[in-house]
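Remarks on the structure that follows.
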Amino acid sequence: MVEEFHNELEKLKKQVVRMGNLAQDMLKKSVKALKEKDTDLAKEILNCKNEIANMDEKIEQDALKLLTLFQPMAKDMREMATVLKMITYLARIGRYGKDIANITLELAHKPHVKELVSIPYMAKEVDSMINDALTAFENEDVESIDGFTAREKNVDELRYSIFRECLTYMMEDSKTIKRCARYIMVARYLERCGDHAVKMAEKVFYMVTGDHIDLDPPGPTPDCEL
Amino acid sequence: MSKKTSLEMEVKDLDLWYDTKQALKKVNMPVYKNKITAIIGPSGCGKSTLLRCMNRMNDIIDKCRIEGEILFDDKNVYRKNYDVVELRKRVGMVFQKPNPFPKSIYENIAYAPRIHGIKKKKSLDGIVQQCLKDAFIWEEVHDRMESSAMGLSGGQQQRLCIARALSIEPDIILMDEPCSALDPIATAKIEDLMRVLVKDYTVVIVTHNMQQAARVSDYTAYMYLGELIEFGETEQIFENPQEELTEKYITGRFG
């Protein structure tokens, strides 16, 4: 019976990694679609919406079933708790991908204010954080989440720099407001995804070590004065 | 659980041999006052042996040799001339299989107080009633006090045995697998009872049921092959055990 539980738990964790890859993919592709104004790709992402929601639900149900039947303890319990938290964060990341895809479709008929550089760069940073959190989860090794606090701060800074850049464009030319407002939202979504990566890393740290850690301690907020 | 805790009993460097086989190896363990301490571990790890040391029940076993100390009121219960009868009066015990005396329900409870010198019927009546109430069984038996205790269900018999242990007002109640012969409903009643009793008594319980240890105890000790591997607050032991052996046992990755 115990072996059966451990096999099921392994399967569950593999499902979480698959869900993680899908969420990562949705976010990555959404920014690519935005940058290249690729509406086909954006629509493809919208189609993934149900898939990730189904995964979220399926993993949750499987996890609750295991909790009920086996009442795991110690590390087993921590793995189950981490799985249940991770899927919520991953579902949100996927949904932000969907939101960015929607923005892509909204902005499709107009050129970008300028070539998008900061947003794809920020997306790359966030994606690598999600990736490292998932790797830590998969390998049960917290090494890859070292330095998450600084990386999260960096993502926050990027968001504010995009915010300031957009304000400048908007003040210069009111015709850019509609587009820039969307860019600011995208930066906000990406920053939230970074936060989710940090929360996942904290849960993985708990899963592996049994200790709670705060990877995003309160500190000075980036200067957003104009 | 960070509430103030004081020591009720302390096991210090305890070794025990059954003939040539060493069953306990340098065991050190505190027993905190008004707390439930659970001892868990695989069969044959020495948990019942350790429990039985606490009121010197192992004295009656041939070729059982003990070194080390168990401090109770700052006195080593294994020192020469220690009053064992007094010790067993203050450290009561409840066993795995309910073992009421083959007497009436009333006599089961009145027996010990009577041999300890309480003769007045009125006083005995009071003690019997109070103990049965404290053990949550009064409602079920008050109208058949003269019936044989052997006619009670297993769960009722076990609560009667707990009431019997309470009748001489012990400080500590030792329980050796008190629920393993009971169904889940009777088990839940005993567990609830333990949480109530711990307000006035100190409880040490040996159990194979890890969920039970997690549910009822404040502290948990994990033993393996006669050694105390880990002792800590129950939450910590079941959420984040520090020793790999404990982790393996608790998660069933054992052997």
**OP:** Scan the stretch A:18-46 for residues that are within 21 Å of residue A:196 (Cα to Cα), open to solvent by 20 Å² or more (accessible area, probe 1.4 Å) and not charged (D, E, K, R) and report the count.
**Re:** 3
Original post:
In the stretch A:96-138, what count of residues is obtained for those that are aromatic (Phe, Trp, Tyr) and in contact (Cβ under 8 Å) with a residue 40 or more places away in the chain?
Top reply: 2
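Residue-wise test of (1) of a type in the set (Val, Ile, Thr); (2) under 22 Å from residue A:89 (Cα atoms).
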position: A:117; (1), (2): yes, no
position: A:124; (1), (2): no, yes
position: A:149; (1), (2): yes, yes
position: A:155; (1), (2): yes, yes
position: A:161; (1), (2): no, no
position: A:167; (1), (2): no, no
**OP:** Give me a count of the residues in the stretch B:58-75 that are surrounded by fewer than 20 Cβ atoms within 10 Å (Cβ to Cβ) and at negative phi.
**Re:** 11
Original post:
Can residue B:127 be described as touching a residue at least 24 places away in the same chain (Cβ under 8 Å), in contact with a strand residue (DSSP E or B) (Cβ under 9 Å, 6 or more places away or on another chain) and within 20 Å of residue B:197 (Cβ to Cβ)?
Top reply: no
Original post:
Conditions: (1) within 14 Å of chain B (Cβ to nearest Cβ); (2) assigned to a helix (DSSP H, G or I). Residue A:94 meets all but one. Number of the miss?
Top reply: (1)
Original post:
Consider residue B:214 against the criteria (1) free of Cβ contacts under 8 Å to residues at least 12 places away in the same chain; (2) more than 24 Å from residue B:108 (Cα to Cα): it satisfies all of them except one. Which criterion is unmet?
Top reply: (1)
Original post:
Which one is nearest to the chain's Cα centre (by Cα) among residues in the stretch B:132-150 that are more than 27 Å from residue B:117 (Cβ to Cβ) and in a helix (DSSP H, G or I)?
Top reply: B:150
Subject >> Some residue of the stretch A:172-183 being at pLDDT 95 or above, open to solvent by less than 10 Å² (accessible area, probe 1.4 Å) and of a type in the set (A, V, I, L, M) >> reply: no
Original post:
Filtering the stretch A:203-222 down to residues that are in a helix (DSSP H, G or I) and open to solvent by 20 Å² or more (accessible area, probe 1.4 Å), which residue is farthest from the other protein chains (Cβ to nearest Cβ)?
Top reply: A:203
Original post:
Taking helices (runs of 4 or more DSSP H) that fall entirely within the stretch B:47-120, which contain at least 2 residues that are more than 18 Å from residue B:165 (Cβ to Cβ)?
Top reply: B:47-53
Original post:
In this structure, is residue B:117 closer than 21 Å to residue B:190 by Cα and open to solvent by less than 70 Å² (accessible area, probe 1.4 Å)?
Top reply: no
**OP:** Look at residue B:245 and say whether it is under 18 Å from residue B:44 (Cα atoms), more than 9 Å from every other protein chain (Cβ to nearest Cβ), surrounded by fewer than 22 Cβ atoms within 10 Å (Cβ to Cβ) and in contact (Cβ under 8 Å) with a residue 60 or more places away in the chain.
**Re:** no
**OP:** Go through (1) open to solvent by 60 Å² or more (accessible area, probe 1.4 Å); (2) farther than 24 Å from residue B:214 by Cβ; (3) modelled with pLDDT of 95 or more one by one and return the number of the condition residue A:49 breaks.
**Re:** (3)
Original post:
Under the condition of being open to solvent by 40 Å² or more (accessible area, probe 1.4 Å) and more than 13 Å from chain B (Cβ to nearest Cβ), which residue from the stretch A:70-91 is nearest to residue A:39 (Cα to Cα)?
Top reply: A:88
Original post:
Does residue B:242 satisfy the condition of being in a helix (DSSP H, G or I), more than 23 Å from residue B:91 (Cβ to Cβ) and of a type in the set (S, T, N, Q)?
Top reply: no
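The values are calculated or read from the model by the stated rules, or taken from the named source; none is laboratory data. From a predicted model like this one, the values you see are computed outputs, not experimental measurements. So basically every Cβ, Gly included, is an ideal-geometry build from the backbone, and we count neighbours across all protein chains shown. Heads up: the accessible areas ignore ligands, DNA and RNA and are worked out on the full protein's heavy atoms, side chains in. Shrake-Rupley method; radii C 1.70, N 1.55, O 1.52, S 1.80 Å.
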